[in-house]
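Right, one structure below, let's go through it.
Please treat every number below as a calculation from the coordinates, not as lab data. A quick note: this is a predicted structure, and the numbers were derived from the prediction, not measured. Glycine also receives a Cβ, built like all others from the backbone with ideal geometry; neighbour counts cover every protein chain displayed.
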Amino acid sequence: MKYKAVVFDLFGTLIDNLCPQEYERVLWEMADALCVPREDFAREWIGTFQERISGGIETTEDAVEHICQLLGVEAAASSIAAAVEIRFDLTRRALRPRPDAVETLTQLKAGGYKIGLVTDCSDEVPVLWADSPLAPVIDVPIFSCSVGMAKPDSRIYLLACEALGVKPQECLYVGDGSSRELTGAVKVGMHPVLISVPYDNDYDHFRVDAKEWQGTVISSLKQILTVVG
Ligand SMILES: [Mg+2]
């Protein structure tokens with residue numbers, strides 16, 4: 001076998017990216033639950049992205065409380081809980097695998113490949129992970145907020161390889177190019193593949209790698225079965 005493991009990104013790869021309209025609507029619902037101005041809340045929520053995905057702000061509740069403080073609002077515990085629940089509902093909906101995801105990962109596992117996940121995400125994803133249909137088919141999930149580092153930091157890829165018991169050179173890395181993840185994977189010696197599905201939108205301005213990528217491209221998850229050979 002040419003490779004021993006396949007490491008996947010989550011958003012825009014195994015699951016769809018969040019639709020920007022829904023993302024905004026959810027932020028407004030959270031703001032309404034807290035009785036704070038929608039635009040102010042949305043701005044501060046987006047502004048805490050890096051802290052939320054790197055574990056600097058540990059929980060969704062901490063993030064909501066932090067933003068209320070920034071906005072000079074003392075929200076009731078019940079309002080904070082309601083806002084947190086709205087956010088969790090969004091993540092629950094988002095964690096639906098793409099149609100060919102579970103089948104493709106199952107086939108890879110049956111073929112002897114180890115399966116990893118490296119995702120830049122906030123606290124909701126690891127909290128809800130056990131209920132995802134993806135959980136049973138992924139050997140090693142690495143969540144940025146849990147390990148305190150994010151892509152393209154070399155350490156997060158190396159952590160996945162170590163936990164999978166493989167060398168980076170023995171790994172394919174599959175992602176839609178957010179967070180310069182493909183560049184980061186190349187740097188540690190992994191073999192990156194860009195996934196670019198026809199129906200995906202192009203809202204993600206962080207997806208620099210997707211625009212510059214010269215390497216292997218797949219347009220559906222199941223095509224990875226031909227890449228592994
Ligand atoms: Mg992604």
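May I ask for the net charge around Met1, where only other residues with Cβ less than 14 Å from the Cβ of Met1 are counted and Lys, Arg are +1 while Asp, Glu are -1?
On the way: positive: Lys2, Lys4, Lys109, Lys114, Lys167; negative: Glu170.
Local charge sum for Met1: +4.
Computed over the chain with a Gaussian network model linking Cα atoms closer than 10 Å, the most mobile of Thr216, Thr119, Thr183 is Thr216.
Please give the charge dipole size of the chain, origin at the Cα centre, charges +1 on K and R Cβ atoms and -1 on D and E Cβ atoms. Round to the nearest 20 debye. Could the numbers behind the result be given before it?
Numbers: 21 positive and 34 negative charges, 248 e Å.
It comes to approximately 1200 debye.
Tell me the mean residue ellipticity at 222 nm calculated for the chain from its helices only (DSSP H runs of n ≥ 4, each -39500 (n - 2.57), averaged over every residue, nearest 500).
So the helix-based figure for the chain works out to -13000 deg cm²/dmol.
Between rounded, prolate and oblate, where does the range 20-94 land on the alpha carbon gyration tensor, with a ≥ b ≥ c its root eigenvalues, rounded for a/c under 1.5, else prolate if a/b exceeds b/c? Rounded, since a/c falls under 1.5.
Tell me, how many Å apart are the Cα centres for the range 1-77 and for the range 142-199? Cα centroid of the range 1-77 versus Cα centroid of the range 142-199: 22 Å apart.
Can you put Val64, Val84 in order, fewest other beta carbons within 10 Å first? Intermediate values should be presented prior to the final figure.
On the way: Val64 27, Val84 21.
Fewest-to-most ranking of Val64, Val84: Val84, Val64.
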